[in-house]
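Report on one structure; see the data block that follows.
What follows is calculated from the coordinates using simple rules that are stated; it is not laboratory data. Please read all numbers here as calculations on a predicted model, not as lab measurements. Virtual Cβ from ideal backbone geometry, glycine too; neighbours counted across all protein chains shown.
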Amino acid sequence: MADVHVLNHPLIQHKLSLIRDERTGSKEFRELVEEVAMLMAYEVTRDFALQEIEVKTPVAFAKSKVLVGRKVGLVPILRAGLGMVDGMLRLIPAAKVGHVGLYRDPETLLPVEYYCKLPSDIAERDLIVIDPMLATGGSASAAIMFLKDRGAKNIKLMCLIAAPEGVLAVQNAHPDVDIFVAAVDERLNEHGYIVPGLGDAGDRLFGTK
Ligand code: PRP
Ligand code: URA
C-alpha cells in the first residue's frame, strides 16, 4: 500500500487556512495556492538522489552535493491543477509539464477526459501528478491510469486537500503511488465536495461559477 504523507510544515498549514477561508478572493487564492505548491514541492522531492562533486570556492575546494540527473515531469489535472504548476516550477525549473484534462460529471461524479498532452519520454521521468482536490479519487486515479498506459513507472500524487474516500480509492487503484497532501479532511458531502475543504478549487482560482 502506498504511503500518505500529510505535510504539517507550519507555513503550509498557515497558508492552507487562508486558502480555505471563503473571504479569500481569487487573486490571493491563486498566490497562496502557488506558494503552498512550492513549499510542498520541497517535501515531495525529499527522496531525490544526490551525488558528491567537488566545487572550488574562493577559499578552498569543497566536497558538495548536486542532484543526480533525474528527469522530472509535472502533470497538472486541468483545470485546477494549473494553479500549482508555477510554484513547483520555481523549485524544479527543468521539469517538463504534461497536461491531463478531466472534469467531473456533476451527476455521476465520474471523470470525463477531454485533453491529454504529455512529454514523449514519460517512461523515464519521475512524474508528479498535481491537483488541489482529491475528493472521490476518480480524477486522480484516471489521470494516473493514463500515465501508466503510456509507460509511466514512477508516479507521485500531490494535492492540497484530500477526503479519506479519495485517499483510499487511489491507494486501492494505485498501491505504488505515494500521496502527498497538506490535509486529510472529514468526508465528502452528497455532492462529492470535501467537507470542510475549500469549495470548488477551479472556480476559486479562475473566478468562475
Ligand atoms: C475538481 C478537482 C479534481 C476533481 C476532484 O476538478 O480539481 O480534479 O474535481 O474530484 P474527484 O476526486 O471526485 O475526481 P473539476 O472536475 O471540478 O474540474 P475543474 O478543475 O475544471 O474545475
Ligand atoms: N472538486 C473541488 O474543487 N472541490 C471539492 O471539494 C471536490 C471536488
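From the residues in the stretch 118-131 that are under 16 Å from Ala80 (Cα atoms) and either within 14 Å of ligand 2 (Cβ to nearest atom) or of a type in the set (S, T, N, Q) (or both), which one is farthest from the chain's Cα centre (by Cα)?
Across the stretch 118-131, the extreme among qualifying residues is Asp131.
Could you check the stretch 79-189 for strands (runs of 3 or more DSSP E) lying wholly inside it with 3 or more residues that are in contact (Cβ under 8 Å) with a residue 40 or more places away in the chain and away from ligand 1 (no atom under 12 Å from the Cβ)?
Result: 126-130, 178-184.
Please determine, by comparing only the residues of the stretch 132-150 that are of a type outside the set (S, T, N, Q) and under 16 Å from Pro164 (Cα atoms), which one is nearest to the chain's Cα centre (by Cα).
Pro132
Given the options Pro164, Pro111, name the one that is touching a Ser or Thr at 6+ places or on another chain (Cβ under 6 Å), surrounded by 14 or more Cβ atoms within 10 Å (Cβ to Cβ) and under 27 Å from Leu32 (Cα atoms).
One residue alone meets the criteria, Pro111.
Sort out which residues of the stretch 176-203 are surrounded by 15 or more Cβ atoms within 10 Å (Cβ to Cβ), more than 8 Å from ligand 2 (Cβ to nearest atom) and either more than 16 Å from the chain's Cα centre (by Cα) or among the aromatic types (Phe, Trp, Tyr) (or both), and write them in order of number.
Phe180, Asp185
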